[in-house]
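J.: The structure that follows is given in the form of structure tokens.
Any read-out appearing in this document is the output of simple, stated calculations on the displayed coordinates, not a laboratory observation. Computed from a prediction, not measured in an experiment: that's the story for all the values here. Counting neighbours? That spans all protein chains shown, and the Cβs are built from the backbone with ideal geometry, glycine included.
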Amino acid sequence: MLAWRILGTVGPMTLISRVVVAAAIAAAALVVAPPVAAHQPVGLGPAESSPAKGPLLVDGTISFALFADIKRGDRRGFRFRLEEGDRMAVQLLILDRPPSNEIRNARLPRVTITDPQGRKTRMIINERTEFYEPYGGTDYLYLSRVESDAIPGEYRVNVSARSKRVVETVISVGYREVPGEVRYP
């Protein structure tokens with residue numbers, strides 16, 4: 001190891017000295033290491049029943065994961081902002097465990113994105129791609145992904161549940177792994 005060779009030039013080191021130096025190097029690496037890449041979690045509960053009542057993700061390029069446990073009749077909503085030159089990236093996922101992963105596509109949550117000009121995009125469930133999230137140790141299934149050049153302004157997202165059973169749903173927004181701001185009405 002390079003550190004031992006460098007430190008070895010100072011003179012002989014005892015085992016305790018080497019342990020202390022190794023611990024100091026490890027602690028320094030933790031302090032200067034970049035943050036772990038993971039979407040910032042945001043809960044969507046019954047109070048966030050529409051985009052106007054839901055949170056605003058101030059910068060929609062920053063990665064957020066919005067979690068909602070929903071069943072038929074439940075609605076959730078949130079908003080995010082994008083600027084000229086940004087990319088709009090939204091993914092719909094569910095937990096890869098029963099009962100969520102047993103529900104047929106026609107009964108999974110419907111997600112509709114309304115852009116700043118009022119155009120609606122419904123996320124079409126067209127995949128069930130496995131995804132293991134190592135930081136939480138959780139298995140998910142990607143159901144749909146939407147990406148396009150952004151229209152500057154505020155996007156509104158509506159989530160409607162269609163199953164009698166609770167579906168553990170995640171809507172992922174953004175792609176930059178940096179701290180972001182969430183505002184509540």
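J.: Taking 0.36 nm per residue of sequence separation and subtracting the Cα-Cα distance, how much length would be gained by fully extending the chain between residue 72 and residue 49, in nm to one decimal?
T.: 7.0 nm
J.: For segment 40-183, with only Lys/Arg (+1) and Asp/Glu (-1) charged at the beta-carbon, what is the dipole magnitude about the Cα centre, in debye rounded to 20?
T.: Roughly 960 debye, rounded to the nearest 20.
J.: Follow-up. Using DSSP to define loop residues, name the chymotrypsin sites (Phe, Trp or Tyr not before Pro) in segment 91-185 whose beta-carbon has at most 12 other beta-carbon atoms within 10 Å.
T.: In loop regions of segment 91-185 (DSSP not H, G, I, E or B), the sparsely surrounded chymotrypsin sites (Phe, Trp or Tyr not before Pro) are 135.
J.: Also: For residue 139 and residue 164, calculate 0.36 nm times their separation in residues minus their Cα-Cα distance, and state this gained length in nm to one decimal.
T.: Gain in length upon complete extension: 6.8 nm.
J.: For residue 58 and residue 121, calculate 0.36 nm times their separation in residues minus their Cα-Cα distance, and state this gained length in nm to one decimal.
T.: Difference between extended and current length: 20.6 nm.
J.: Amide H of residue 69 versus every other amide H placed in the peptide plane: which residues, excluding those fewer than 5 positions away on the same chain, fall under 5 Å?
T.: Under 5 Å from the amide H of residue 69: 169.
J.: A further question on this structure: Suppose a student asked you for the relative contact order of segment 40-183, using Cα pairs under 8 Å spaced at least 6 residues apart; what percent would you report?
T.: For segment 40-183, the relative contact order is 40 percent.
J.: Under a crude label model (7 Å from the Cα following the beta-carbon direction), how far is residue 97 from residue 132 in nanometres?
T.: 1.5 nm
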